[in-house]
Amino acid sequence: MTDARPLLFFDSGVGGLSVLAPAAKLLPRAPLVYVADSAGFPYGTRSEAEIAARVPALLGRLAERFNPRLIVIACNTASTIALPAVRAALDLPIVGTVPAIKPAALLSETRVIGVLGTDATVRQPYVDDLAARFAGDCTVLRHGSAELVEMAEAKLAGTVPGPARLRGVLDGLFAQPGGDRLDVIVNACTHFPLLEAELAAAAPRPVRFVDGGPGIARRIAYLTEGQQWPEHPAPGRAVFTALGPNMQALAPALARYGLASVEQL
């Protein structure tokens, strides 16, 4: 018998679609449920205590409702704060999202890399640890931007941000001491790969962007190796904890990611 249990992707908004996409490409027969905690959006400006309390409780509800074979916390902020608590609470595989500092350090020729995330992510000790372990010979510049999260959400709803706004965000990295030698930027928020082309065009000089999406897809494939998948999986489902006025504008973009229905939790 085939196993119809889905992969469940979780984020505060639509940023986790940048993680869902490479996973869906690698595992095309996987049923997909994408959950956006729109009632709690954005996580990047919330306190650590709020996120630590909210995320495990919500994922417990989602595990009961959707019976996933695996949950992906497709949000750097939620992962760096709540991942251990979620793994302790749920008896199923949980894949987190962490800043791709290791691949960035491997790519950098100038040994100066940037970490672009939310304020909550870039200040985490976890990022300090990743930088010390994998980029010890690099200068690691950090910048947090809640505005860029909002721009990514707007782009998916059909409004592409202008280059001047994007340059203003990137200046938070390039204007720091050592920023003139920056050659690789870690998109340390899952929203930001949705704007990668626009960010690259707005950068003051050529720079490479890296994110954790492809690595997470490979991790999902490893953890589900040998499992059965439906021959014809059900259409993907997009679930929001609150339905806002932009849902109609988001629907075409969600459909492009294989999410045919939109519902409220």
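Are any of the residues in segment 135-152 over 29 Å from Leu7 (Cβ atoms), among the aliphatic types (A, V, I, L, M) and either touching a Gly at 6+ places or on another chain (Cβ under 9 Å) or surrounded by fewer than 16 Cβ atoms within 10 Å (Cβ to Cβ) (or both)?
Yes, segment 135-152 contains a residue that is over 29 Å from Leu7 (Cβ atoms), among the aliphatic types (A, V, I, L, M) and either touching a Gly at 6+ places or on another chain (Cβ under 9 Å) or surrounded by fewer than 16 Cβ atoms within 10 Å (Cβ to Cβ) (or both).
Provide a single number: the residues in segment 226-245 that are of a type in the set (A, V, I, L, M, F, W, C) and on the phi > 0 side of the Ramachandran plot.
Final tally of qualifying residues: 0.
Just to verify a result, which residue in segment 51-101, among those that are charged (D, E, K, R) and free of Cβ contacts under 8 Å to residues at least 40 places away in the same chain, is farthest from Val184 (Cα to Cα)?
Step by step, filter segment 51-101, then rank; the result is Glu64.
Taking segment 192-209 on its own, how many of its residues are more than 10 Å from Leu166 (Cβ to Cβ) and either surrounded by fewer than 15 Cβ atoms within 10 Å (Cβ to Cβ) or out of contact with any Pro (no Cβ under 9 Å at 6 or more places or on another chain) (or both)?
Going through segment 192-209 one residue at a time, the tally reaches 10.
In segment 225-250, what count of residues is obtained for those that are open to solvent by 40 Å² or more (accessible area, probe 1.4 Å) and within 15 Å of Glu153 (Cβ to Cβ)?
Total satisfying the criteria: 5.
Cβ-Cβ distance below 7 Å, separation of 6 or more or different chains: which pairs start in segment 154-173 with a residue that is farther than 17 Å from Pro42 by Cβ and end on one that is among the acidic types (Asp, Glu) and at pLDDT 95 or above?
Val160/Glu198; Leu166/Glu198
Just give me the residues in segment 113-130 being farther than 18 Å from Leu199 by Cα and in contact (Cβ under 8 Å) with a residue 24 or more places away in the chain, in sequence order.
Asp119, Ala120, Thr121, Val122, Gln124, Tyr126, Val127, Leu130
The values are calculated or read from the model by the stated rules, or taken from the named source; none is laboratory data. Owing to the predicted nature of the structure, the values given are computational and were not obtained by experimental measurement. A quick note on method: Cβ atoms are made from the backbone with ideal geometry, for glycine too, and the neighbour counts reach across all protein chains shown. With ligands, DNA and RNA removed, areas are computed over all heavy atoms of the protein, side chains included. Shrake-Rupley method; radii C 1.70, N 1.55, O 1.52, S 1.80 Å.
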